[in-house]
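Novice: Take this structure, written in structure tokens, and hold onto it; I'll ask about it next.
The values are calculated or read from the model by the stated rules, or taken from the named source; none is laboratory data. These numbers were taken from a predicted model, which means no experiment stands behind them. Using ideal geometry, Cβ is built from the backbone for each residue, glycine included, and neighbour counts are taken over all protein chains shown. When the accessible area is computed, the model is the full protein with side chains, heavy atoms only, and any ligands, DNA or RNA have been set aside. Shrake-Rupley method; radii C 1.70, N 1.55, O 1.52, S 1.80 Å.
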Amino acid sequence: MSISTSSLSKAYKAYFPIGAAIGPRHLRTHADLLSTQYNSITAENCMKFEPIHPEPDRYAFEDADALANFARINGMKMRGHTLVWHNQTPKWVFENLDGTPVSRETLLKRMQEHIHTVVGRYKNSVYCWDVVNEAVADEGEDILRKTKWLEIIGEDYLLKAYQFTHEADPSALLFYNDYNETNPAKMRKITQLLKNLLERGAPIHGMGMQAHYGPSHPKAEDIRLAIETYASLGIKVQITEMDLSVYEREDGPCELRKPTKEMMDHQATRYERIFATLRECKAAITGVTLWGAADDATWLDNFPVRRRKNWPLLFDENHQPKEACRRVMDFQD
Ligand code: GLA
């Protein structure tokens, strides 16, 4: 298989769009790879609250506009990521000028204004939004993570976020997005949250499974169970931020500058199995996005462990298909 004669997104045409998370830099460095191998993009950072709305009266749309433009020119879909999150949200959102916490009414107004402005601007570019990101607590009995949104607005902050987004773009598909989404305890909490929201009439159309996975967990069967569980709520599922780290979370620093053959073979087998599962679940799945375009630069370089490069994606440092990519594309269903 050569990259010029075959395409990942074309191989999946009958299944689901294949996306990559990117920033404006990728439009210079990865344009060919993106336009030939992928048919969807997500903004890795530039649509998040902090970069796009850094000050109360200032929006910075340049980077997100460039991405939206690239998607349009190349006939690609674009996912919106993300509107309400506890991270990468500036402090001013939650504070009065004197530093005291704003009232529920003020925060709801700010949320609504932000959502209407951002979602309204990208109405013709973005077909679906990760409206709320990572609202569920990993540990303990509480369903909701303790955040400023929860503290100031109360539990209905999610319902409001979905309502505001639906008002701003009634045709956009609205997702809830989270990680550790195959972990049984967290999956139960996410399912409960989504069920409650749907019962209260929240316009939610899909569950975004981030899919930041490791070399041994979760198993393909756990992933299938999660997809089936979320889909049983009557909503669609997308894989929104997929990468397969070659390291376990607890592995320490590693000076390897090239991946070993064993690492890449193991990863290829895992990608092959997981994508076979995704194809089997195609009735529920409406998109699969990788969290990056190629292994030359990904968020897993030096994170969460410093002095450790990672190779978590389907294309190598030279933007060529890896063994994992070949296996993902080589199927007869
Ligand atoms: C989470 C967020 C993403 C991104 C990754 C790390 O999964 O949803 O936007 O920040 O963490 O890169």
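Novice: Quick one: is THR165 surrounded by 18 or more Cβ atoms within 10 Å (Cβ to Cβ), more than 16 Å from the ligand (Cβ to nearest atom) and of a type in the set (Ser, Thr, Tyr)?
Specialist: yes
Novice: For THR277, are the conditions met, namely being under 17 Å from HIS205 (Cβ atoms) and out of contact with any Phe, Trp or Tyr (no Cβ under 6 Å at 6 or more places or on another chain)?
Specialist: When the stated conditions are applied, THR277 does not pass them.
Novice: From the residues in the range 222-240 that are out of contact with any strand residue (DSSP E or B) (no Cβ under 6 Å at 6 or more places or on another chain) and touching a residue at least 40 places away in the same chain (Cβ under 8 Å), which one is surrounded by the most Cβ atoms within 10 Å (Cβ to Cβ)?
Specialist: In this case the residue turns out to be ALA226.
Novice: Any residue at all in the range 171-180 that's small (Gly, Ala, Ser), open to solvent by less than 70 Å² (accessible area, probe 1.4 Å), touching a His at 6+ places or on another chain (Cβ under 9 Å) and within 14 Å of the ligand (Cβ to nearest atom)?
Specialist: No, the range 171-180 contains no residue that is small (Gly, Ala, Ser), open to solvent by less than 70 Å² (accessible area, probe 1.4 Å), touching a His at 6+ places or on another chain (Cβ under 9 Å) and within 14 Å of the ligand (Cβ to nearest atom).
Novice: A follow-up question, please. Is it the case that the range 98-107 has a residue that's more than 16 Å from the ligand (Cβ to nearest atom) and buried (at least 20 other Cβ atoms within 10 Å of the Cβ)?
Specialist: Yes: the range 98-107 contains one or more residues that are more than 16 Å from the ligand (Cβ to nearest atom) and buried (at least 20 other Cβ atoms within 10 Å of the Cβ).
Novice: Name the residue, out of PHE303, PHE275, that is of a type in the set (Phe, Trp, Tyr) and open to solvent by 70 Å² or more (accessible area, probe 1.4 Å).
Specialist: PHE303
Novice: When GLN210 is evaluated against the numbered criteria (1) buried (at least 20 other Cβ atoms within 10 Å of the Cβ); (2) farther than 23 Å from MET78 by Cβ; (3) among the polar types (S, T, N, Q), which criterion, by number, is the only one it fails?
Specialist: In the conditions (1) buried (at least 20 other Cβ atoms within 10 Å of the Cβ); (2) farther than 23 Å from MET78 by Cβ; (3) among the polar types (S, T, N, Q), GLN210 misses (2) alone.
Novice: If I filter the range 79-97 down to residues being within 15 Å of the ligand (Cβ to nearest atom) and touching a Leu at 6+ places or on another chain (Cβ under 9 Å), which single residue comes out as least open to solvent (accessible area, probe 1.4 Å)?
Specialist: Once the filter is applied, the top-ranked residue is VAL84.
Novice: Give me a count of the residues in the range 138-162 that are surrounded by fewer than 16 Cβ atoms within 10 Å (Cβ to Cβ) and either touching a Cys at 6+ places or on another chain (Cβ under 6 Å) or assigned to a loop (DSSP other than H, G, I, E, B) (or both).
Specialist: Selection size over the range 138-162: 9.
Novice: Suppose we keep only residues that are more than 16 Å from the ligand (Cβ to nearest atom) and touching a residue at least 12 places away in the same chain (Cβ under 8 Å) within the range 241-254. Which one would you say is most open to solvent (accessible area, probe 1.4 Å)?
Specialist: So, considering only residues that are more than 16 Å from the ligand (Cβ to nearest atom) and touching a residue at least 12 places away in the same chain (Cβ under 8 Å), the one most open to solvent (accessible area, probe 1.4 Å) is PRO253.
Novice: Looking at this structure, is ALA135 buried (at least 22 other Cβ atoms within 10 Å of the Cβ) and within 14 Å of the ligand (Cβ to nearest atom)?
Specialist: yes
Novice: Cβ-Cβ distance below 8 Å, separation of 6 or more or different chains: which pairs start in the range 132-158 with a residue that is at positive phi and end on one that is within 16 Å of the ligand (Cβ to nearest atom) and part of a strand (DSSP E or B)?
Specialist: GLU134/ASN177; GLU134/ASP178
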